[in-house]
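To keep things clear, I will list the structure first and then write my remarks on it.
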Amino acid sequence: MSEHDTPPHHSSPSTLGAVLEAMDFDVAPTAHITLDSSRCDGCSTHICVSACPAELFVRTSDGGIIFNYERCFECGTCLHLCNVEGALTWQYPTLGHGVIFHHG
Amino acid sequence: MTLRYDVVVVGAGPAGATAALVLARMGLSVALVERGPFPGAKNLYGGVLYLSVLDELIPDWRSNAPIERVVTRRSTVLTDGRRTLTFALDDPDWARPPYNGVTARRSRFDRWMAEQAVSAGAHLFTSTTVTGLLRNDTRILGVQTDHIDGEIYAKITIAADGVNSFMAREAGLYPRFSSDHLTLGYKEVIHLGAGTIEERFGLEPGEGADLEVLGCVSPAIGGGFCYTNEETLAIGVIVSLSSLASTGLGAPELLAQLKELSYFRNLIRGGSTLEIGAHLIPEGGWRTRPSLSAPGIVVTGDAASLCLASGLWLEGVNMAIGSGKVAGETIGQHLQATDEPLPPGHYDAALQASVVGRNLQRLQRTPSFVLDPKVQHDLPRIATSFAHRLFTVDDRSAKPSLGALARRSANEGGIRLRTLGRLAFDAWRAFR
């Protein structure tokens with residue numbers, strides 16, 4: 001029985017961030033998705049920010065967007081919804097890295 | 001060292017593992033390539049496996065497959081955001097073999113499926129991501145991977161690489177990247193313990209429930225689901241990508257909306273969240289499938305959009321197994337006879353004639369019917385309002401007629417009864 005089969009004994013994390021923190025991610029040394037935020041200036045929707053289910057796209061105070069790949073579900077929502085040519089490069093992580101679902 | 005096989009199958013999900021199993025049993029050399037550290041690591045589903053499709057391939061699956069619970073209750077829940085109106089079938093016959101639906105964890109079920117292929121002789125490469133197709137001027141020759149040996153050559157390549165299928169796209173089988181017909185599934189797995197689950201749902205040990213919800217992601221388009229594993233409850237929402245774009249809402253807030261309904265709040269009360277995940281679903285059905293083959297390559301499972309999202313029937317894993325079986329059999333029989341390329345249209349025709357193809361063709365109108373805003377928003381609102389009026393006893397006046405109740409509920413929902421009639425006609429046309 002692995003650690004992931006063991007139910008937590010104490011009160012559990014309830015927010016998305018805390019749950020993600022406790023989940024199994026084999027974080028790759030390099031990002032599988034990169035964002036060229038200079039291209040986001042011309043985008044009026046910034047749909048990635050609200051649509052990403054892991055809430056990985058964050059608006060900065062100067063109106064830009066920063067992206068962190070580390071807790072990515074690799075679902076592809078941003079890839080399909082981003083309509084700015086060349087803003088995102090998107091590949092699956094290599095060498096077994098990335099999210100590992102135990103209850104999928 | 002150059003790796004050469006008769007067939008390379010990319011993706012060790014249900015479609016790929018089934019194709020590999022069939023081919024290996026026919027005595028062909030098969031590479032099964034999986035990007036996760038184990039099959040199922042990257043996979044997520046929305047609740048129920050219907051495995052009669054395995055009866056021929058793995059006749060003893062009922063005693064060997066890693067099943068969580070056997071589904072004995074199938075519920076449809078309509079909600080206006082506050083009230084819930086539930087239609088449920090409890091069927092004791094489903095508790096006994098041959099069963100109907102079962103629940104499972106994909107980290108275990110997909111791994112078990114891939115083990116069947118490996119036992120039959122397939123070579124499984126895990127933690128191996130395909131980075132591109134190998135091709136010459138006339139056909140696909142195999143795949144480039146990040147594996148230490150890099151290239152895997154094969155007479156035929158099977159793309160079972162899931163909904164985002166980069167392989168099908170690189171082979172030119174999808175016209176373009178598009179968010180049309182894609183929905184996002186977002187799921188939370190909550191630990192409650194077997195006893196609590198059985199008590200709350202009124203289930204016998206080992207029995208499970210499956211609930212499908214309509215109206216819970218309004219104003220977005222989609223639905224919700226909740227099903228029981230052995231020790232955990234999975235609850236989630238499905239939302240169309242285009243409505244995520246048009247509403248600016250996110251899946252986490254839509255799931256929060258579902259969990260706030262008193263019906264579900266009480267089911268998940270006191271539980272602890274173990275895992276959250278998201279995955280895309282190709283819900284467009286038959287009409288949105290890509291070209292299914294090109295010289296040297298065929299596409300199957302979610303990668304080929306072979307998923308049944310019809311509202312009444314929500315099936316993906318059995319569709320994947322069924323289509324992977326067709327791919328394996330078609331290619332296997334061909335390669336046993338000749339080394340010539342697979343004739344164009346050969347696999348497409350076999351798939352079209354299979355149970356998977358026949359179901360998807362017959363129900364090809366259902367995805368757009370189910371995602372219609374009238375079905376999504378008006379129907380659950382009017383139905384719950386009607387039930388509210390029907391079952392609220394008010395003896396200050398005599399009971400109105402059912403017709404009057406229906407008219408009032410429809411008017412309140414801003415819809416005429418005639419429109420509801422039209423909806424019923426559309427439903428009949430989609431499902432007949």
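Given just the C-alpha atoms of segment A:22-73, how large is their convex hull per residue in cubic angstrom? Spell out each step's value before the answer.
Numbers: hull volume 4.9 nm³, N = 52.
Cα convex hull per residue, to the nearest whole number: 95 Å³.
About its Cα centre, how strong a charge dipole does the protein assembly as shown have in debye, to the nearest 20, once Lys and Arg get +1 and Asp and Glu get -1 at the Cβ? Each step should come with its number before you reach the end.
On the way: 46 positive and 56 negative charges, 435 e Å.
That gives the protein assembly as shown a dipole magnitude of about 2100 debye.
Under 17 Å from the Cα of B:LYS42, which lysines turn up, not counting those fewer than eight places away in the same chain?
The reachable lysines, counting only those whose Cα sits under 17 Å from B:LYS42, are B:LYS187.
State, as an integer percentage, the relative contact order of chain B based on alpha-carbon contacts under 8 Å between residues 6 or more apart.
Averaging sequence separation for qualifying contacts and normalising by length gives 20 percent for chain B.
Taking the alpha-carbon centroid of each part, what is the distance from segment B:16-54 to segment B:306-337 in angstrom?
11 Å
Which order results if B:TRP428, B:TRP313, B:TRP112 are arranged by neighbouring Cβ count within 10 Å, fewest first?
B:TRP428, B:TRP313, B:TRP112
Among the chymotrypsin sites (Phe, Trp or Tyr not before Pro) within segment B:118-196, which fall in a DSSP loop and have no more than 15 other Cβ atoms within 10 Å of their own Cβ? Walk me through the intermediate numbers first.
Numbers: sites: B:PHE125, B:TYR153, B:PHE166, B:PHE177, B:TYR186; in loops: B:PHE177.
Sites meeting the loop and neighbour criteria: B:PHE177.
Projected onto the charge dipole of the protein assembly as shown (+1 at Lys/Arg Cβ, -1 at Asp/Glu Cβ, origin at the Cα centre), which of B:ILE190, A:CYS82, B:VAL213 gives the Cα projection farthest towards the positive end?
The residue sitting most towards the positive pole is B:VAL213.
Given +1 on the Cβ of Lys and Arg, -1 on the Cβ of Asp and Glu, and no further charges, what dipole in debye does segment B:1-154 carry about its Cα centre, rounded to the nearest 20?
It works out to roughly 460 debye.
Report, as a whole number in µm² per second, the diffusion coefficient that Stokes-Einstein gives for chain B at 4 °C and 1.567 mPa s using the Kirkwood radius over alpha carbon pairs.
In µm²/s, the coefficient is 57.
Output wanted: per-residue J couplings in Hz (rounded whole) for segment A:58-71, from phi through Karplus 6.51 cos²θ - 1.76 cosθ + 1.60, θ = phi - 60°, x for Gly and Pro.
10, 6, 9, 5, 8, x, x, 10, 10, 10, 10, 7, 5, 10
Given +1 on the Cβ of Lys and Arg, -1 on the Cβ of Asp and Glu, and no further charges, what dipole in debye does chain B carry about its Cα centre, rounded to the nearest 20?
Dipole of chain B, to the nearest 20 debye: 1600 debye.
For B:ASP60 and B:ARG265 in one chain, what is 0.36 nm times their gap in residues minus the Cα-Cα distance, to one decimal in nm?
Numbers: separation 205, 0.36 × 205 = 73.80 nm, distance 3.84 nm.
This chain segment gains 70.0 nm when fully extended.
Among B:ALA398, B:PRO341, B:HIS377, which residue has its Cα positioned farthest towards the positive end of the charge dipole of segment B:316-405, with +1 placed on the Cβ of Lys and Arg, -1 on the Cβ of Asp and Glu, and the dipole taken about the Cα centre?
Towards the positive end, the residue furthest out is B:ALA398.
If you count the DSSP beta bridges with both ends in chain B, what percent of them are antiparallel, to the nearest 5?
Details: 53 of 78 bridges.
DSSP beta bridges in chain B are roughly 70 percent antiparallel.
Which ³J(HN,Hα) values in Hz, rounded to whole numbers, follow from the phi angles of segment B:309-317 under the Karplus curve 6.51 cos²θ - 1.76 cosθ + 1.60, where θ = phi - 60° and Gly and Pro get x?
3J(HN,Hα) across segment B:309-317, in whole Hz: 10, 10, x, 5, 10, 10, 9, x, 5.
Taking Cα atoms, how many degrees apart are the long axis of helix B:417-431 and the longest axis of chain B, rounded to 10 and kept between 0 and 90?
It works out to around 30 degrees.
Once Lys and Arg get +1 and Asp and Glu get -1 on their Cβ, which of B:ILE148, B:VAL163, B:ALA245 lies farthest toward the positive end of the dipole of segment B:146-253?
Sorting the options by dipole projection puts first B:ALA245.
Which percent, to the nearest 5, of DSSP beta bridges fully inside the protein assembly as shown are antiparallel? Display every interim value, and only then the final one.
Details: 61 of 86 bridges.
Antiparallel bridges make up about 70 percent of those DSSP assigns within the protein assembly as shown.
Could you work out how far apart the two model spin labels at B:ARG408 and A:GLU85 are, taking each label as a point 7 Å from the Cα in the direction of the beta carbon, and quote it in nm?
Here the modelled spin labels are 5.9 nm apart.
If each DSSP helix of 4+ residues adds -39,500 (n - 2.57) and the sum is divided by the residues in chain B, what number results at 222 nm, nearest 500 deg cm²/dmol?
-10000 deg cm²/dmol
Using r as the Cβ-Cβ distance of A:THR30 and B:LEU417, and R0 as 60 Å, what FRET efficiency do you calculate, to the nearest 0.05?
In this case the efficiency is close to 0.50.
Read-outs throughout are calculated quantities, based only on the coordinates presented, and are distinct from any laboratory measurement. The shown structure was predicted, so the numbers you read here are calculated from the model rather than taken from an experiment. Counting neighbours? That spans all protein chains shown, and the Cβs are built from the backbone with ideal geometry, glycine included.
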